[in-house]
């Protein structure tokens, strides 16, 4: 909207046209002076016309920076905004998603980018073979190589900056991400093509993954609008595949009980991690970041103060929780704390046995067997294998969080309480994710008042059929 300031006999008209790279508002100005003899009514009417004309003129002239290509603007966005303002893991995710997007439409100038370009890209992503993830399998016996070179997987992880779990996959003859092959080959003193066989993942991308690309591109283009490069966000009008029927995967109560029964036969480290996650609903990073100082055994509460994450090249690092509401105290069940205390006795024995070789520096609850911070992916990988070999429904570590929430909602826990326990910024987020569970809970809630049916609704006795009074004429 244009604003007007009277200055003597003239009027200064100001129009805002976005923000620069430093977040400072960009304004355009013009001065209009009424012709001599114009009445107050004529001035008012003409001033409104000048405001509209100047707004239109600014709209047409402020898109000159729109000549920058999407790829070039992405570089600016990452450097000047994402890595300055977002969580490191979030910014890294933006960079990786935009690499794929820019391969397809990065050459298009911002001012020329249309919803149709974006919709076509989303459509292409759903075709077979469009996964960005390229895989590779190792050609040699990796276990044998480690023995011959007196090398451990932990040492390889430290030298390459690649997750320990990647080396466990190599040891088992499984495929790994092709991005990991170059640093591994360098440490092993071999060429990548000499050591690995490339392999492409041909599985089509799921609709939910397309929506992830869309959220990233929308965020980048939103910043382009705010910084004054373009007037509107073309991603806002692009067509997307439907995810209307997608539901968060979770275990119902019988399967949750079966999970806990099956965990009794597992090593205490993994039994405690998975059980504690189910009973607390923590995000994976929150679980890995827990310290003993965050536990109050007397009150049976924990406080989420940090997360533990992993990024290639950075390794395992500590960060603040996802949102301000994620930093929260949680009241947990007595059984959760009994298990935690049993686990602590086991961990204390481990620490005593290793002595100076114990690597824990900050009192972490869940660590590797020698006390080092856990790779978050190791929790995911262990649980995936556990689910597969036990025949449980196909769920992930994050499904334990969904199970925690769904069981509370089904048991009638108020949504605001569930939202707080999960660390959601808004109750509406909880309501959107668990809408299908809420519908079922509401249906059961309605049945609560069926107990009054015998008073409110008096069922009438069925009426006897009446004989027809119409006479039937005899024939013949």
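Please treat every number below as a calculation from the coordinates, not as lab data. This is a predicted model, so every value here is computed, not measured. FYI the Cβ positions are ideal-geometry reconstructions off the backbone, even for glycines, and counts take in every protein chain you see.
Laid out as a table, the results:
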read-out: Segment residue 85-residue 42, extension gain: residue separation times 0.36 nm, minus the distance between their alpha carbons; value: 10.5 nm
read-out: Cα gyration tensor of segment 29-185 - equivalent ellipsoid semi-axes, whole Å, descending; value: 59, 18, 10
read-out: Segment residue 236-residue 49, length gained on full extension (0.36 nm per residue, minus Cα span); value: 64.3 nm
read-out: Cα-Cα separations in segment 134-200 greater than 14 Å, expressed as whole percent; value: 52 percent
read-out: Relative contact order computed over segment 259-414 (Cα-Cα under 8 Å; 6+ residues apart), in percent; value: 28 percent
read-out: Shape category assigned to segment 253-409 from the gyration tensor of Cα positions, a/c cut at 1.5; value: rounded
read-out: Helix-only CD estimate at 222 nm, as mean residue ellipticity for the chain, using -39500 (n - 2.57) per DSSP H run (n ≥ 4); value: -14500 deg cm²/dmol
read-out: Highest average packing first - 91-97, 169-175, Cβ atoms within 10 Å; value: 91-97, 169-175
read-out: Efficiency of FRET from Cβ geometry, residue 390 and residue 439, R₀ 30 Å, rounded to 0.05; value: 0.50
read-out: Point-to-point label distance, residue 26-residue 261, nm (Cα→Cβ direction, 7 Å offset); value: 6.5 nm
read-out: Spin-label pair residue 345/residue 420, simplified geometry with 7 Å Cα→Cβ offset, distance in nm; value: 3.4 nm
read-out: Which label in [x] 1.13; [y] 0.97; [z] 0.94 gives the computed Rg/Rh (Cα atoms, Kirkwood Rh); value: [x]
